[in-house]
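The values are calculated or read from the model by the stated rules, or taken from the named source; none is laboratory data. The structure presented is a predicted model; accordingly, all values stated were derived computationally and were not measured. As a convention, Cβ positions derive from the backbone with ideal geometry for all residues, glycine included, and neighbour counts pool all protein chains shown.
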Amino acid sequence: MKAVFGKRIYTGEDAIENSYVAFEDGNIVSVSADKPDCEIIGEYEVITPAFIDAHSHIGMERAGEPSEDGDVNEQMESIMFESDALDAIQMDDKSFADSVENGILYSCVLPGSGNIIGGRAVVVRNYAKNTEQAFIKYSGIKSAFGYNPKSTTDWKGARPSTRMGSVALFRTALKKAQKTMKLLEMDKKNINEIEPQEEIIIKLLKREERLRVHVHKEDDISALIRMRDEFNLNIAVEHTCDVNSQRAYEMLKQRGIPVVYGPVDGFAYKVELKHENWRNIEHLLKSGVRFGLMTDHPVILQRMLLYQLRYFLRFGLSKSECIKIITKNNAEILGINDVLGTITERKKASLVCWNGDPFDMSAFPVSVIAEGKAIL
């Protein structure tokens, strides 16, 4: 067993002072003010949980490579349920190392938003050597509403030119799968007779898979909610940067739909983002909707995840509450809160040890521990 000491520890829930985090076999054994009977491998000003980016394209859109080498959007068809982000990630993307030295040890990597259905999202370890070691779990199916899928008419396959066309193609796929489900229930069809894509859609209809939906504007959220209510889908809403009132967030809260917000500080490069502003965070907070935070790397470089929190501080959140957004909140939305997100017993010993307050511009991680092993 080993331990680290922190003058202040942001646990992902709150803050405690002058305490030890002891760990063994990659897991936290205890968090206590009492000194444990083991080797103390370091004493630090501040300790935080490892940060988690809940939505990124790291490893798919890679630093130092031309854009045509990127693997974010498959252009062969607009509905790609069987695509898997894990098959596109390259762990030699140097952005992973940049993230690790800034305390971001975990990413949810999703296909891009050029397709109505982009494929499967995956949670990975940023510090792994290859995707086999990086894989933690899958975390939903990527979908896109709004401007992006209707802007790709020059790509291959059936492509929408309007928002209503995007929704119509998706609704048709869902209705077809509903009919297949009924045939299966009536023993008029065997599971081995249906297409792999329909198997995935059926899992969505049974709420066994979560739909992770790219959407920015309030009326696109309304369209998504209509579809959610029609088909009883399990969804998470991603982005919402153009939302500049509480109404949309209140609708989402009412239905228990979480938001992965951001990126904050991104350039408003399309009309769909004409209302984008850091002040919109106030509507998110006042609504009470459950939310996490993304970088959408490389839109915002993943290593800048923490720095987006400065705006949340301006709206009255404490430092502990801000750290919670990119640790516990993100872990809960991604379904990995059983092993990550807080510094508590039995969770993975993934810790970031700082030479000062993380919100101080002069502070930086001086040690990073990934599941019990020092990697920085």
Failed condition for K253, given (1) part of a helix (DSSP H, G or I); (2) closer than 19 Å to Q308 by Cα: (2)
Test for T153: is it free of Cβ contacts under 8 Å to residues at least 12 places away in the same chain and either of a type outside the set (K, R) or out of contact with any Asp or Glu (no Cβ under 6 Å at 6 or more places or on another chain) (or both): yes
Subset of segment 200-248 [farther than 16 Å from G140 by Cβ and either modelled with pLDDT under 95 or among the acidic types (D, E) (or both)]: E218, D219, D220, D229, E230, D242
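Given L309, L284, L317, which one is buried (at least 17 other Cβ atoms within 10 Å of the Cβ), touching a Cys at 6+ places or on another chain (Cβ under 6 Å) and over 24 Å from I116 (Cβ atoms)?
It is L309.
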Any hit, segment 48-55, residues being in contact with a Pro (Cβ under 9 Å, 6 or more places away or on another chain), of a type in the set (A, V, I, L, M, F, W, C) and in contact (Cβ under 8 Å) with a residue 12 or more places away in the chain: no
Test: residue in segment 20-31 that is free of Cβ contacts under 8 Å to residues at least 24 places away in the same chain and more than 30 Å from G112 (Cβ to Cβ): yes
Among the residues listed as V366, V352, the single one being in a strand (DSSP E or B) and surrounded by 21 or more Cβ atoms within 10 Å (Cβ to Cβ): V352
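So, in segment 214-248, how many residues would count as being within 18 Å of the chain's Cα centre (by Cα) and not aliphatic (A, V, I, L, M)? Walk me through how you get there before you give the answer.
Step one: list which residues in segment 214-248 are within 18 Å of the chain's Cα centre (by Cα), which gives 214-216, 234-241.
Next cut, not aliphatic (A, V, I, L, M) only: 214, 216, 234, 238-241.
Selection size over segment 214-248: 7.
Mind listing whichever residues of segment 148-168 are in a helix (DSSP H, G or I) and either of a type in the set (D, E) or surrounded by fewer than 19 Cβ atoms within 10 Å (Cβ to Cβ) (or both)?
Those that are in a helix (DSSP H, G or I) and either of a type in the set (D, E) or surrounded by fewer than 19 Cβ atoms within 10 Å (Cβ to Cβ) (or both): R163, M164, G165, A168.
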Filter pass, E132 being farther than 28 Å from Y106 by Cα, in the same structural domain as C108 (by TED's automatic domain parsing) and either under 28 Å from the mean Cα position of the chain (by Cα) or crowded, with 21+ Cβ neighbours inside 10 Å (or both): no
Among the candidates E65, E13, E61, residue that is in a loop (DSSP other than H, G, I, E, B), under 23 Å from L305 (Cα atoms), among the charged types (D, E, K, R) and outside the structural domain of K150 (by TED's automatic domain parsing): E13
Residue check for R120: part of a strand (DSSP E or B) and either in contact with a His (Cβ under 6 Å, 6 or more places away or on another chain) or of a type in the set (K, R) (or both): yes
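Just to check your reading of the model, which residue among V243, V237, V213 is touching a residue at least 60 places away in the same chain (Cβ under 8 Å), in the same structural domain as I116 (by TED's automatic domain parsing) and of a type in the set (A, V, I, L, M, F, W, C)?
Being touching a residue at least 60 places away in the same chain (Cβ under 8 Å), in the same structural domain as I116 (by TED's automatic domain parsing) and of a type in the set (A, V, I, L, M, F, W, C) holds for just one of V243, V237, V213, which is V213.
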Filter result for the condition that a residue is in a loop (DSSP other than H, G, I, E, B), out of contact with any Leu (no Cβ under 8 Å at 6 or more places or on another chain) and of a type in the set (S, T, N, Q), over Q90, Q133: Q90
V21 part of a strand (DSSP E or B), within 27 Å of the chain's Cα centre (by Cα) and in the same structural domain as E371 (by TED's automatic domain parsing): yes
Sole exception among (1) crowded, with 21+ Cβ neighbours inside 10 Å; (2) more than 26 Å from S161 (Cα to Cα) for E65, by number: (1)
Flag if D98 is farther than 30 Å from T172 by Cβ, touching a helix residue (DSSP H, G or I) at 6+ places or on another chain (Cβ under 9 Å) and surrounded by fewer than 20 Cβ atoms within 10 Å (Cβ to Cβ): yes
Candidates G292, G316 - the one that is in a strand (DSSP E or B) and assigned by TED's automatic domain parsing to the domain that holds A268: G292
Which numbered condition V352 fails, given (1) outside the structural domain of G6 (by TED's automatic domain parsing); (2) more than 20 Å from V264 (Cβ to Cβ): (1)
